[in-house]
């Protein structure tokens, strides 16, 4: 297996409550993903456990705090800790979000959407390029879900993401659930989103569950990306279309709130793997 690529199979996001069981049972998974910031310490039991996990599984690091869309300078302390973690565990991929979470040196515990403007494009591309140069490796950039839109946007979200990947020569972590959530909230066609993304740029796919905030006036209802539920039928269907367009890709089940048992996570990964297995022959036939 290429040490710089994750296997194009289904994995799960590994969270603290599941680590001991995973190490004891060693389920038949090809890869796992962890949140980078949870392992920024210089030692301790969490890092020792991660070393054990890394001995048996391919790993991906997924960051939530780099704030690539902020006009603030990149946090060099954060980048240094990330670089140290990368050196320690040699992850197969390192990803971050296409968002901002800091202003004036103050950090917010959220992944906030960007205005899809030329100015924002310049800012985020500058930051991604600086981060990649500092880390010495290509990043995967993930689309986020959103609940508001900025006025007078010059670009659609999907064109903005595609241009970020082109300018920065970075890869895309395509979150299919986030596409679906935003498409419902903002009334765009999720298929148009998929069609705008260059297949060669998609290096990983995320799947997760969401919830609905139902208002008294149903026209004001919207979806919330909670990572607290199973993947819904509509997202599974959109995922199948994504695999048809992009080919088999490493696919992760994310679940961060109301954590289920490990068996439930593994069952969700099995569903993703069944779709990958069913559609992979189609991809080979098209390639031929």
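With an 8 Å cut-off on Cα pairs and a minimum separation of 6 or more residues, tell me the relative contact order of the range 203-272 in percent.
On the way: 87 pairs, mean separation 26.1, N = 70.
It rounds to 37 percent for the range 203-272.
Of the peptides 229-236, 37-44, the order by per-residue mean of other Cβ atoms within 10 Å, starting with the highest, comes out as 229-236, 37-44. Compared with the alpha-carbon gap, the fully stretched path from residue 150 to residue 103 is longer by 15.2 nm at 0.36 nm per residue.
By the helix-only formula, in which each DSSP H run with n ≥ 4 contributes -39500 (n - 2.57) and the sum is divided by residues, the chain has a 222 nm mean residue ellipticity of -14000 deg cm²/dmol.
Report note on the peptides 62-71, 110-119, 144-153: ranked by the mean count of other C-beta atoms within 10 Å, highest first, their order is 62-71, 110-119, 144-153. Restricting the calculation to Cα atoms, the range 181-280 yields a radius of gyration followed by a Dmax of 14.5, 44 Å.
Rank by packing, highest mean first: peptides 239-245, 261-267, 102-108, with packing defined as the count of other Cβ atoms within 10 Å averaged across residues.
Numbers: 239-245: 19.1, 261-267: 15.6, 102-108: 11.9.
Highest to lowest by the protection proxy: 239-245, 261-267, 102-108.
Would you mind calculating the gained length between residue 86 and residue 212 on full extension (0.36 nm times residue separation, minus the Cα-Cα distance), in nm to one decimal? Walk me through the numbers before you get to the answer.
Numbers: separation 126, 0.36 × 126 = 45.36 nm, distance 3.67 nm.
Contour length minus the Cα-Cα distance gives 41.7 nm.
Here, the range 1-92 is characterised by an Rg to Rh ratio of 0.99, where Rg is the alpha-carbon radius of gyration and Rh the Kirkwood radius.
Which percentage, to the nearest 5, of the DSSP beta bridges contained in the range 10-287 is antiparallel? Each step should come with its number before you reach the end.
Numbers: 6 of 32 bridges.
Bridges in the range 10-287 are about 20 percent antiparallel.
Using C-alpha pairs below 8 Å separated by at least 6 residues, the relative contact order for the chain is 18 percent. Distance between the pseudo-spin-label points of residue 137 and residue 119 (7 Å out from Cα toward the beta carbon): 3.5 nm.
Throughout, read-outs are computed from the coordinates displayed, never taken from laboratory work. Owing to the predicted nature of the structure, the values given are computational and were not obtained by experimental measurement. Positions of Cβ are backbone-derived with ideal geometry, glycine not excepted, and every protein chain shown enters the neighbour counts.
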